[in-house]
Amino acid sequence: MERLKYERPLIKKLESQMPNKYGLRTEYKPMTEIDGVLIKDLIKDFGSPLFVISEKKIRQNYRRAQKAFTTRYPKVQFAWSYKTNYIGAVCNVFHQEGSWAEVVSGFEFRKALDLGVSGRNIIFNGPDKTEADLVMAVQNDALIHIDHLDELYSLTEIATQMGKRPRVAIRVNMDTGIFPMWDRFGFNYENGQAWDALNKIMHANKLDLEGLHCHIGTFILQPSAYGVATQKLVDLAMGLKRKFGHAIKYIDLGGGFASGNTLKGAFLPGADTNPTFDDYAEIITSALLNSELPPSDMPALILESGRALIDDAGFLISSVIANKRSSKGKRVTILDAGVNILFTSFWYNHKVTPAQEFTGFTEDTTLYGPLCMNIDVIREEVTLPLMNKGDQIVIHHVGAYNMTQWMQFITLRPAVVLIDLNGKAELIREGEKNENVTSMERIPSHLNRI
């Protein structure tokens, strides 16, 4: 007869009247599979920790967002934000769905070209475009979003030398009621910088001004801010129409839509309270349709959403290394996944789910990663059942930024797997080995021996 595991007695207060701020109770269900593939098989085949991406969820998210906007506005184009997740297989899922590429560096631009994206379907954002980058963008007929006057002057000179008219927009920053205001990038609306830049472009007559662009922030929880941004871009567009008789072809509202993740300090779960694609779409499209823009000259609407399209399609499977007690007696569980590969744990309370059956006992637990750093905290506090060494947990909503901001600090970066539409686990990025890190090192001859 198998000996049962010992569970210490626990006295726990029950709320029999109105629920307290934490609700009546917490129920747990193990997450033993992702899109039909067993967690234990994924760990067996690809190791732990392991990033897993659901292709089905990405496509569902994209189609839901597209429907939200296209049912409200006739001309909509999405551009996948490469900085959010630039693993090739992930980018190509979005491109197959019809998304363009939105890049912010020469590296990302070349990656999009290598994946087969037409230069005309690449939007080049960001403040750090070298002259070589600008030449490449002009040669490939990309849309260049000008960030500052130095870039404008460089691009004008390049256009003259190449005898070509680059396709451009300017990035505009503005007060939309969001704090802190993102005024680091682009030209300010309120103080006249944006209108000044537009006048310089039009009078020089070296560039084809096709659009206006803004990106007001990240994880924006107030859809109304996008309405303000749209109105201000429309005002600039109307100014161009009145002064120069020039109609822009598109307005680009950038990204910043919130995913279903829960921000640290939030009172309720993000999945229950954060705005939906429909919420954003209603505000943005109404601002366009109700504006003074003539119906015959309505611009296309471009959206560069990243986080909201992929966050909940990504999972991180991690294994328990050990359990211990803190000096105050609190339960501590140490995982093999740290903040070096889960950067977003600094600002999200990621949902965490056990990956195997468990008993009914639960306890408030701190989840630490394996790094020799006190900041390596996955969750400061989460109520979990007892887990033993070798058990697995699933960390939810990790698809955005973790696979671009990760680093091989102390531990190497793990493999990434895509669960395809047929329920097959495809390796889309190998786990790193020592030689991947050391191959770029060079040891001077006098240090070759120890």
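Conditions (1) surrounded by fewer than 20 Cβ atoms within 10 Å (Cβ to Cβ); (2) in contact (Cβ under 8 Å) with a residue 12 or more places away in the chain; (3) not hydrophobic (A, V, I, L, M, F, W, C), marked per residue:
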{"residue": "GLN231", "(1), (2), (3)": "yes, yes, yes"}
{"residue": "PHE257", "(1), (2), (3)": "no, yes, no"}
{"residue": "ALA266", "(1), (2), (3)": "yes, yes, no"}
{"residue": "ASN274", "(1), (2), (3)": "no, yes, yes"}
{"residue": "THR285", "(1), (2), (3)": "no, yes, yes"}
{"residue": "LEU289", "(1), (2), (3)": "yes, yes, no"}
{"residue": "ARG331", "(1), (2), (3)": "yes, yes, yes"}
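Being more than 22 Å from LEU263 (Cβ to Cβ), charged (D, E, K, R) and out of contact with any helix residue (DSSP H, G or I) (no Cβ under 8 Å at 6 or more places or on another chain), is that true of even one residue in the range 336-353? Yes, the conditions are met somewhere in the range 336-353. From the list SER81, SER105, the lone residue that is crowded, with 20+ Cβ neighbours inside 10 Å, modelled with pLDDT of 95 or more and small (Gly, Ala, Ser) is SER81.
A search for C-beta distances below 6 Å between a residue of the range 436-449 that is surrounded by 10 or more Cβ atoms within 10 Å (Cβ to Cβ) and any residue that is not in a helix (DSSP H, G or I), counting only pairs 6+ apart in sequence or on different chains, returns VAL437/GLN408. A Cβ distance below 8 Å, combined with a sequence gap of six or more or placement on separate chains, defines the contacts here; from the range 79-100, residues that are part of a helix (DSSP H, G or I) reach residues that are of a type in the set (D, E, K, R) and surrounded by 19 or more Cβ atoms within 10 Å (Cβ to Cβ) in the pairs VAL93/GLU55.
Restricting attention to the range 210-253, the residues being more than 28 Å from the chain's Cα centre (by Cα) and of a type in the set (Gly, Ala, Ser) number 4. Residue count for the range 12-47 under the criterion of being modelled with pLDDT under 50 and either within 26 Å of the chain's Cα centre (by Cα) or of a type in the set (Gly, Ala, Ser) (or both): the result is 2. The set of residues from the range 236-246 being surrounded by fewer than 17 Cβ atoms within 10 Å (Cβ to Cβ) and not aromatic (Phe, Trp, Tyr) comprises MET238, GLY239, LYS241, ARG242, LYS243, GLY245, HIS246. In the range 243-255, the residues that are on the phi > 0 side of the Ramachandran plot and of a type outside the set (Val, Ile, Thr) form Cβ pairs under 8 Å with partners that are buried (at least 22 other Cβ atoms within 10 Å of the Cβ) and outside any loop (DSSP other than H, G, I, E, B), at six or more places apart or across chains, as follows: GLY254/HIS213; GLY254/LEU303. Checking each residue in the range 333-347 for being buried (at least 24 other Cβ atoms within 10 Å of the Cβ) and touching an Asp or Glu at 6+ places or on another chain (Cβ under 6 Å) picks out only GLY338. Taking (1) crowded, with 17+ Cβ neighbours inside 10 Å; (2) in contact (Cβ under 8 Å) with a residue 60 or more places away in the chain; (3) not in a strand (DSSP E or B) in turn, ASP45 satisfies each apart from (1).
Number of residues in the range 257-270 that are touching a Lys or Arg at 6+ places or on another chain (Cβ under 8 Å) and small (Gly, Ala, Ser): the value is 2. Considering ILE144, ILE123, the condition of being out of contact with any helix residue (DSSP H, G or I) (no Cβ under 9 Å at 6 or more places or on another chain), in contact (Cβ under 8 Å) with a residue 12 or more places away in the chain, part of a strand (DSSP E or B) and surrounded by 18 or more Cβ atoms within 10 Å (Cβ to Cβ) is satisfied by ILE123 alone.
The set of residues in the range 147-157 being surrounded by fewer than 23 Cβ atoms within 10 Å (Cβ to Cβ) and not acidic (Asp, Glu) consists of HIS148, LEU149, LEU152, TYR153, SER154, THR156. Show me the strands (runs of 3 or more DSSP E) found entirely inside the range 162-259 where at least 1 residues are of a type in the set (Asp, Glu), over 27 Å from TYR280 (Cα atoms) and at pLDDT below 95. In the range 162-259, no matching strands (runs of 3 or more DSSP E) lie anywhere. When the range 260-307 is limited to residues that are among the hydroxyl-bearing types (Ser, Thr, Tyr) and over 20 Å from SER224 (Cβ atoms), the one that is modelled with the lowest pLDDT turns out to be SER296.
Checking each residue in the range 405-431 for being within 20 Å of the chain's Cα centre (by Cα) and either among the aliphatic types (A, V, I, L, M) or surrounded by 15 or more Cβ atoms within 10 Å (Cβ to Cβ) (or both) picks out TRP406, MET407, ARG413, PRO414, ALA415, VAL416, VAL417, LEU418, ILE419, ILE428, ARG429. When the range 381-401 is limited to residues that are among the charged types (D, E, K, R) and at pLDDT 95 or above, the one that is farthest from ILE34 (Cα to Cα) turns out to be LYS389.
The values are calculated or read from the model by the stated rules, or taken from the named source; none is laboratory data. Quick caveat, the model's predicted, so the values are computed rather than measured. A quick note on method: Cβ atoms are made from the backbone with ideal geometry, for glycine too, and the neighbour counts reach across all protein chains shown.
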